[in-house]
Amino acid sequence: MSRYALRFAALGYLTLLLMVPVAFVFYRAFDHGLGHAWSSVSNGRAVHALELTLLLTVITVVANTIVGIILALALVRGRFRGRGLLNAVVDLPLALSPVVVGLALFLLYGRGGWLGGLAGHGVKVLFAVPGMLLATMFVSLPFVVREVVPVLREIGTEQEQAAETLGARSFQVFRRITLPAIRWAVAYGIVLTTARAIGEFGAVSIVSGRIEGKTETLPIYVQSQYAFDFNTSGAYAASVVLALIAILTVVVLRVLQPKEEVG
Amino acid sequence: MRVIWIALVGIALLAGSATGASQGGSVDLVAYSTPKDAYGKIIQAFQKTQAGNGSSFNQSYGASGDQARAVAAGQPADLVALSLDPDVNMLVGKGLVPKNWAANAHRGIVSDSIVVFVVRDRNPKHIKGWGDLVKPGVQVITPNPFTSGGARWNVMAAYGAERRAGKSDKQAIAYLYKLFKHVPVQPDSARSALAIFSQGKGDVLLTYENEAIYAEKKGVHTEYKTPKATLLIETPVALTKSGLKKPAAKAFYKFLWSSTAQKAFAGQGYRPVVKSVARGYHFYKPAGLFTIGTAKLGLNGWTKVNTRFFRPQKGVMAKIERSLGH
Amino acid sequence: MGGGLARGVATGYLSIVVLLPLAALVWSSRAHGLGAFWHQATDAQAMSALKLTLGLAAVCALVNAVAGTAIAWVLVRDRFPGKGVVDALIDLPFALPTIVAGLTLLALYGPGGPFGFDVAFTWIGIQLALLFVTLPFVVRAVQPVLLELDTDMEQAAASLGASSFAIFRRIVFPNLLPAILSGVGLAFARAVGEFGAVVLISGNIPFKTEVSSVYIFGQIESGNEAGAAAVSVLLLAISLGVLLAIGAIRRWRTRHDRA
């Protein structure tokens, strides 16, 4: 009885808050027909934007996953002072509005900034891919850490300690015991990181310089279609592409998940 | 592991292609968003001329303030085309644009527009002049003048119109207080304002004539009324210090006042500044048109106006915004 | 362990990607002295925006704690047709660029929307937008923990006659709490900083419907970068405080449980 009530309540909330808006996005994407939607996402500029988005996402996911696991281990298992502070620092990127993230990066790498001199030596950070990468990594840093930490806490260290007393080396212990135990947490973290990285607009837009055909990601393209070209349905069409990538990530996760573990 | 290497190679390649932008013969144009179509056409036409033959362009479009800040932070720019003088002057202050950037026949202004009222179909509330905006029950939409630099034109148009009607400075400011009490929402940008108005909020939208015309062209129906007294919106273009070193950039700058270029601007709803071209179009001439430099109406140029009205926390507009909450 | 090297890499990464830019921000905010910082940060309009922002973020945290846990539960423990589809959609609020999220929410909950009610330009509209963008946090934080949870104790309790609510309250919930708190912290922090999805439906009337991120943007646009940095740092400090508090609660609970 209460199972149905819970299901109804949860799904009801989701329908109102999530499904309807998402359906709306798909609906508006095809406002002007399939052909128009297709041409909005298949032209050279859009394709370049998609490629750049994917590139930034892949690198960000790889980096934030590796670092995320290390940080999670340090937070749960490590014994050092300031763990609470590290905890909070990891979550901080979320608390900054993208405008502020862009401002901070400008302050650091822009003319007159602490590392502003880099540009003079040919190392382009701002208005080029490296700056956009830093912004993307910044905003999506917390997710793998946050997913893995509760699971690490939950599973405890007995198995690993047992393995160590049996003579396993630490990397072996990590690879064969820790990693499998946290793999779904890592997977969920990757899913969230991917979604966040592909959808990131504000901070990346500010540091990219929005140079057409060169430093435009797909979300920047979306915004330009809406705000500059009055091509709202085109903007929605490009968003559908982003939504499909996010959905694909979860589908891949589900496919990899052995059936016994699915609830 | 292999994935990481592939990714790193990929980034190197893409980074190379993205950063290898300014080779010889390439011009960096950083502009605000509205004239994008026009510049696209102008660049194409320019590349067919002798001076522009073989040149390539990097174009960046965005909100005027954002673009100015990006250039200040180091974004490569040979030409900056922004929506109002203070944005260009900010770059002068940073040493990126020469002080005499406006020293040409057109004072650096490449296109004009005016502040207009976009109204509902058939104007049910009969909005014609600035006095109608503060009638009971009328809701006015204007972007927030702090988040949208371009929205400052709206505020100064209102002020100037009141002064032109014979009101004193104090009375004109009192009008502004009254006006903003009629503003239920202050969207962050002109485009958001148009979107919100189109969705049904408000009775009248204060915006630029070229925005209204361009929106109509792109299928967003906008019916607008031109008040008798309104402000001339003058949008500047400047050659930066780096642009001055590039013959192609200098030639392009001059080209912006050619009839081809001016006609391209007109195609987007702007008013050409070159008289011979303007004659070919029939833009309505408001009887009470004034500019930001019409001293007798208390408008002493953007620098003074910006300080007096739009200084954060101390300016007239900041005080007006504060009063809204109480 | 290669742990030393690993920690070094992680620390270096964290420093370059997060700490350095934040340091530049904090430094710039005190560039005109502590007095000016305080003056900017406590400006009446800034404070009003802060109050609104924190209030909305707190509601977000609460609603997400309940709804997110319920949704995660249904996705892990329940079985119904289309569950996979629903699960795949949870992350979409992240993947959609904020401008699209904002436009969509405005179209749905604003004037002329299909539901017949118009909450745009009120705090309700902003609240809905924030709930939208923070949806995935608690759900995705709780899901993996639920998956790992051993159901033996629950089954034992059930066979002893405990009601499902009691089972949840005494067995399941304590195990989920760290994850819920984790997700709530993320949701709160995100809600505090959100700009793009909120700015369209916000109204931006100072002292009424202006949130901190919009205020900060306005200050930047008007050339008051120091003021913007000051308020940003204040916002950051508050988020930091909340996250530290959550972390402390979590550690206290773990100690309490072990006792």
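Read-outs: derived from the displayed coordinates by stated rules, not from any lab. Every value quoted in this text rests on a predicted model; they were computed, and no experiment measured them. Positions of Cβ are backbone-derived with ideal geometry, glycine not excepted, and every protein chain shown enters the neighbour counts.
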Simple Cβ-charge dipole of chain A, Lys/Arg +1 and Asp/Glu -1, about Cα centre, in debye nearest 20: 500
Straight-distance crosslink candidates among lysines, where the alpha carbon sits under 27 Å from residue C:83 and sequence neighbours closer than 8 are dropped: A:259
Positive-end residue of A:177, A:144, A:2, charge dipole of chain A with Cβ unit charges: A:177
Expected 222 nm ellipticity per residue - DSSP helices of 4 or more, -39500 (n - 2.57), all of chain A, to 500: -23500 deg cm²/dmol
Span-like helix ranges in chain A, DSSP H, alpha carbon extent 27 angstrom or more, Kyte mean at least 1.0: A:44-77, A:179-199, A:232-256
Alpha-carbon spread of segment C:188-259, three principal axes, descending order, Å: 55, 27, 19
Average Cα contact separation per residue, segment C:138-215, under 8 Å, 6 or more apart, as relative contact order %: 32
Fewest-first ranking of A:45, A:7, using other Cβ atoms within 10 Å as the exposure measure: A:45, A:7
Crossing angle, helix B:36-48 versus chain B [Cα axis fit, 0-90 degrees, rounded to tens]: 40
Candidate lysines - alpha carbon under 21 Å from residue C:208, same-chain residues fewer than 8 apart omitted: B:178, B:181, B:201, B:314, B:319, C:51
Reach of residue B:285 by Cα under 17 Å, taken over aspartates and glutamates that are not fewer than 8 positions away in the same chain: B:112, B:209, B:234
Highest-MSF residue in chain A out of A:109, A:226, A:13 [GNM, Cα springs under 10 Å]: A:13
Sorted by Cβ neighbour density within 10 Å, fewest at the top, the residues A:15, C:104: A:15, C:104
Sequence-separation-based contact order of chain B, relative, with Cα cut under 8 Å and 6+ spacing, percent: 24
For segment B:150-309, average projected area of the Cα convex hull in nm²: 11.4
Cα-based Rg of segment A:44-188 normalised by 2.2 N^0.38 Å, two decimals: 1.29
Relative compactness, the protein assembly as shown, computed as alpha-carbon Rg over 2.2 N^0.38 Å: 0.97
Positive-end residue of B:266, B:146, B:198, charge dipole of segment B:125-283 with Cβ unit charges: B:266
Average silhouette area of segment C:1-108, convex hull of alpha-carbon atoms, in square nanometres: 12.7
Proxy reagent accessibility, fewest Cβ within 10 Å first, across C:153, A:132: C:153, A:132
When chain B is reduced to its Cα atoms, the Kirkwood hydrodynamic radius in Å: 21.0
Ratio of the Cα radius of gyration of chain A to 2.2 N^0.38 Å, where N counts its residues: 1.17
Relative contact order (%) - criterion: Cα under 8 Å, at least six apart; region: segment B:54-122: 20
Binned Cα-Cα distances of chain C, short to long, each 10 Å bin given as a whole percent: 7, 23, 30, 24, 13, 4, 0
